[in-house]
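The values are calculated or read from the model by the stated rules, or taken from the named source; none is laboratory data. All values reported here derive from a predicted model rather than from experimental measurement. Every residue, glycine as well, gets a Cβ built from its backbone with ideal geometry; the counts of neighbours run over all protein chains shown.
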Amino acid sequence: MHKTLKTVLLILVALAMPIVPFVIIGELPGERWLSATDENAMAFALLGGGLLTVDVLLPIPSSIIITLLGSRLGFVEGWLSAWLGLTLGHAIGYWIGRLWPRKLAPEFPETPTLFVLFLTRPVPILAEAVSIAAGATRVPFLPTILVCALGNVIFTGVLTANGAALFDYELPLVGVILPLLVPALGWVAWRWIRAGGEVPDKPPDSSMT
């Protein structure tokens, strides 16, 4: 199969996995499920982290859930719950991608792929699709999960800090803005890199490659 056709096919399948459930069932009301556990911090953390884990395949409002974890549990506990759940979900996405037949997988250079993994952490759909594509193209698991973990540290840290600080001070409207703004900024940055047509020679932390 032609290399370009392999690339297009893989991209379409990787994007379809998070998009199709969204089109069929819409965004699931994860914040409603979390509201049922408001009296139990541990249950709230486990359910919130679990929802972020399945976000790789289901349309979960991850930015809102991360913010709510920070608001309900505080910064440290909320950050840890969100980071673990999101990183585990991306690891699952990677191994789902490994089910893609090797003969149909295009060859992507490892370093740009890792950079794209880092950059797309806050971008809905692309974050999940790139994790799946990394597995399909056999990018080594260890650098993949380390880059995902690093990107998720920043992404979840920003949103849980936002939730812990702003919601506690009775500024819920301001607290809602950042979860919507961070993915939007990630998308703008991604488009800017794509428009420039260049990818840095090294990912954010070259020691991970």
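Remarks
- Residue in region 82-93 that is out of contact with any Phe, Trp or Tyr (no Cβ under 6 Å at 6 or more places or on another chain), more than 22 Å from residue 32 (Cα to Cα) and of a type in the set (Phe, Trp, Tyr) present: no
- When restricted to residues that are modelled with pLDDT under 55, surrounded by fewer than 16 Cβ atoms within 10 Å (Cβ to Cβ) and either more than 18 Å from residue 82 (Cβ to Cβ) or of a type in the set (A, V, I, L, M) (or both), region 139-189 contains 8.
- Residues (more than 18 Å from residue 9 (Cβ to Cβ), polar (S, T, N, Q) and either at pLDDT 80 or above or in contact with a strand residue (DSSP E or B) (Cβ under 6 Å, 6 or more places away or on another chain) (or both)) located in region 91-138: 120
- Test: residue in region 64-73 that is closer than 17 Å to residue 121 by Cα, of a type in the set (S, T, N, Q) and surrounded by fewer than 23 Cβ atoms within 10 Å (Cβ to Cβ): no
- Single residue of 99, 84 found to be among the aliphatic types (A, V, I, L, M) and surrounded by 15 or more Cβ atoms within 10 Å (Cβ to Cβ): 84
- Residue selected from region 20-42 under the condition crowded, with 16+ Cβ neighbours inside 10 Å and among the aliphatic types (A, V, I, L, M), by the criterion nearest to residue 82 (Cα to Cα): 34
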